Amino acid sequence: MTLTGTDPVRGWTVDGGSIHKAPLSGTVNQVFVDGQMMTWARWPNDKGPDLLHPTPATTDSGTGIDRAAGTETVVDAALSNFPAGYWDNAIIWISAIGYSPRKAWWAQTGRISSSVPGSVTFPTLPLDSSKPDISRVPGPGNGYYLAGKFAALDSPKEWFHDGSNLFIWMPASDNPTHHDVEVRRRDFAFDLSERAYVTVRDVNIFASSIRMQDANHCIVDHVNVQYVFHANEGLPNAWGLRYDRSIDRELWALAGVGYSGIIMTGSDNQLLNSRIGYSAGNGVVAQGPNHRIENNLIHDVNYLVGNMSGVRANGRNITIRQNTIYNSGRALILSKHMKRGRIELNNLYNSMIMTTDGASVYTDRVNGEGTVIAYNWIHDTMTDIDGRGVYLDNASGGYVIHHNVFWNMVNECVSFPVNSFVDTSGVTYTANDNYLFNNTFYDCGIDIYLYRPSGADMRTQKIYNNIFTDATELRSGADVSNNIYRGTDPRFVNPAAFNFQLQPGSPAIDTGRVIPGITGGHAGSAPDVGAYEFGATPWTPGHSDVTWADPFPFPGSTLPSSPSPAPSAPSGTSLWPCE
């Protein structure tokens, strides 16, 4: 069974050339043809179907902000071909950052107030008063596009809605009457808000979502959701609410919780054995205690590029287990305010596709109170600068990171910000009690980075039993022992095929340190160093594929049985016990 959030569009006539139109009132933000998402009319034209790789224009010198006027201006010689007023009231999407010609932390959208040949201007967004010169301020070298004007409807797969009519240029430039043309109309296929002990199982959902707001003990099991959330414009700023993040950290952390992805608030809710794909914001939100997210495939999220992720977790005792999460504009797991939680046995890859200065697993200014990140594959962070595997940013403490395998990152695989931080609201955060045990690192710019040792007790940073194959940056005072460093061959079975088990005779065998609760059950005279114990049945992370008896009716929309590309798994399928 398939539930859809769309309605069909009928009554097509030729508007002119290859453009057809049909009468349609109300609000439209997403259009499909035969199950495939079409493109909101834009310039420059988007050259491919990949939502995480839009085709941008690039800003020129002169782009910036006028603080007195409260406006931002994009300058681009390519805009000289358009007359004055051509882009008035259009939407600009821009990866805005003024201090370097690179991708930003977040993108922003704004409505253009005036346009002249060579430039467009739009009202500035509220700035972060703690960093007014770098927060979402456009500069030369930024990627951007313009959208939402009928004048931009000039190529196949584009559409525009004027409030009364839907205009479309079909992918094959043919008549839409011969196809299923649909528009998104409903946000939620199931609304379990304030319900308890309800189960939703064995259903496909297209262009809609599930909301469990203030729900308790509800279960979503074996659902297949595509196009879970969509937006063409961001909310008033990149964090989702109009306020200054330097003043209100709690609101900043919760931005996006209420409106994007599969939404679980309340307590004790579960998302199991499901597929969640294509979201402009979050894939899944877990807010509150005791939620469980297990054995899911979550992919292609945050293509609008706000402060969103594949899974956004805020609360105590949340478990994120045995999922495959890949392809995100920013983080794959955003663990803001996650305490006493578990992130384990996940296959996490292709994060940070559209942004910089982040990580596959990211947290900020929080004490995790023993939150465990264990038995994960964390690999292929895609940004070319400041991309990490796990980033405990801005004085985050209380994390136990053990038995993970990290590979293929330009920058640090793990970053510990060993410092204290006093927020403008007066709250002090101290990065104590971070532990890094029995991890394997391969092909990272820097395997581990401990920096700014001020205000924290370095002795509480414990780093034991890890295999570091690249550079490390460790500050004095940290508790470091029984690691293997660059220059010593750990003798992996086949690192080229991502098999990081140990060969006989490896220097990692029986040379580790006993760590209560972490290294129990070792096979030899002492624990091994690294993520895999020699002679033990190897663990394999990620989701177990689910067979769907009733797939989506659109062949082009049906998800593959497994994500691609996927690394070669070590032999064996049994799971290492997670203490």
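Of (1) under 24 Å from MET352 (Cβ atoms); (2) at pLDDT 95 or above; (3) open to solvent by 40 Å² or more (accessible area, probe 1.4 Å), TYR86 satisfies all except one. Which?
Against the list (1) under 24 Å from MET352 (Cβ atoms); (2) at pLDDT 95 or above; (3) open to solvent by 40 Å² or more (accessible area, probe 1.4 Å), TYR86 comes up short only on (1).
Yes/no per residue for (1) within 26 Å of ILE92 (Cα to Cα); (2) modelled with pLDDT under 95; (3) open to solvent by 30 Å² or more (accessible area, probe 1.4 Å):
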position: THR2; (1), (2), (3): no, yes, yes
position: PRO8; (1), (2), (3): no, no, yes
position: THR13; (1), (2), (3): no, no, yes
position: SER18; (1), (2), (3): yes, no, yes
position: LEU24; (1), (2), (3): yes, no, no
position: GLN30; (1), (2), (3): yes, no, no
position: VAL33; (1), (2), (3): yes, no, no
position: GLN36; (1), (2), (3): yes, yes, yes
position: ALA41; (1), (2), (3): yes, no, no
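Would you pick out the residues in segment 291-308 that are in contact with a Lys or Arg (Cβ under 6 Å, 6 or more places away or on another chain) and open to solvent by less than 10 Å² (accessible area, probe 1.4 Å)? Walk me through it before giving the result.
If we filter segment 291-308 for residues that are in contact with a Lys or Arg (Cβ under 6 Å, 6 or more places away or on another chain), which is where we start, we get 294, 297, 302.
Matches in segment 291-308: LEU297, ASN302.
Out of segment 185-236, which residues are surrounded by fewer than 23 Cβ atoms within 10 Å (Cβ to Cβ) and at positive phi?
GLU194, TYR197, ASP202, ASP214, HIS217, HIS222
Quick check on segment 403-427: of everything there that is β-branched (Val, Ile, Thr) and open to solvent by 40 Å² or more (accessible area, probe 1.4 Å), which residue is modelled with the highest pLDDT? Walk me through how you get there before you give the answer.
Within segment 403-427, the subset β-branched (Val, Ile, Thr) is 405, 410, 414, 418, 422, 424, 427.
From what's left, open to solvent by 40 Å² or more (accessible area, probe 1.4 Å): 410, 422, 424, 427.
Values: VAL410: 88, VAL422: 72, THR424: 62, VAL427: 74.
Top of the filtered list is VAL410.
I'd like to verify a number: residues in segment 286-307 that are over 18 Å from ARG275 (Cα atoms) and either of a type in the set (A, V, I, L, M, F, W, C) or modelled with pLDDT under 95 (or both), how many? Don't jump to the end; show me each part of the working.
As a first pass, look at segment 286-307 and keep what is over 18 Å from ARG275 (Cα atoms): 287-290, 304-307.
Filter once more, so that each one left must be either of a type in the set (A, V, I, L, M, F, W, C) or modelled with pLDDT under 95 (or both): 287-288, 304-307.
Total satisfying the criteria: 6.
If only one of ILE65, ILE112, ILE94 is at pLDDT below 95, aliphatic (A, V, I, L, M) and open to solvent by less than 20 Å² (accessible area, probe 1.4 Å), which one is it? So that I can check it myself, show each step before the final result.
Working: ILE65 fails: open to solvent by less than 20 Å² (accessible area, probe 1.4 Å); ILE112 fails: at pLDDT below 95.
On inspection, the qualifying residue turns out to be ILE94.
If ARG486 satisfies all but one of (1) modelled with pLDDT of 85 or more; (2) in contact with a strand residue (DSSP E or B) (Cβ under 6 Å, 6 or more places away or on another chain); (3) not hydrophobic (A, V, I, L, M, F, W, C), what's the number of the condition it fails?
Only one criterion in (1) modelled with pLDDT of 85 or more; (2) in contact with a strand residue (DSSP E or B) (Cβ under 6 Å, 6 or more places away or on another chain); (3) not hydrophobic (A, V, I, L, M, F, W, C) is unmet by ARG486, namely (2).
Which pairs do you get when a residue that is surrounded by 24 or more Cβ atoms within 10 Å (Cβ to Cβ) and among the hydroxyl-bearing types (Ser, Thr, Tyr), found in segment 376-402, comes within reach of a residue that is modelled with pLDDT under 90 and not in a strand (DSSP E or B), reach meaning Cβ atoms under 7 angstrom, with the pair 6+ apart or on two chains?
Pairs found: SER396/ARG365; SER396/VAL366; SER396/ALA431.
Quick grid of which residues meet (1) part of a loop (DSSP other than H, G, I, E, B); (2) over 25 Å from ASN296 (Cα atoms):
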| residue | (1), (2) |
| --- | --- |
| ASN350 | no, no |
| THR355 | yes, no |
| VAL361 | no, no |
| GLY368 | no, no |
| HIS379 | no, no |
| ILE385 | yes, yes |
| ALA395 | yes, yes |
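Tell me which of these PHE468 doesn't satisfy, since it passes every other one: (1) within 26 Å of the chain's Cα centre (by Cα); (2) among the aromatic types (Phe, Trp, Tyr); (3) open to solvent by less than 60 Å² (accessible area, probe 1.4 Å).
(1)
Return yes or no: is VAL480 β-branched (Val, Ile, Thr), farther than 30 Å from PHE421 by Cα and either open to solvent by 60 Å² or more (accessible area, probe 1.4 Å) or in contact with a strand residue (DSSP E or B) (Cβ under 7 Å, 6 or more places away or on another chain) (or both)? Break it down stepwise before answering.
Working: β-branched (Val, Ile, Thr): yes; farther than 30 Å from PHE421 by Cα: no; either open to solvent by 60 Å² or more (accessible area, probe 1.4 Å) or in contact with a strand residue (DSSP E or B) (Cβ under 7 Å, 6 or more places away or on another chain) (or both): yes.
No; evaluated as a whole, the condition is false for this residue.
The values are calculated or read from the model by the stated rules, or taken from the named source; none is laboratory data. Note that the structure is predicted; figures quoted are calculated from it, not measured. Reconstructed Cβ throughout: ideal geometry from the backbone, glycine too, with neighbour counts over all protein chains shown. Quick note on the areas: whole protein, heavy atoms, side chains included, nothing else; ligands and nucleic acids left out. Shrake-Rupley method; radii C 1.70, N 1.55, O 1.52, S 1.80 Å.
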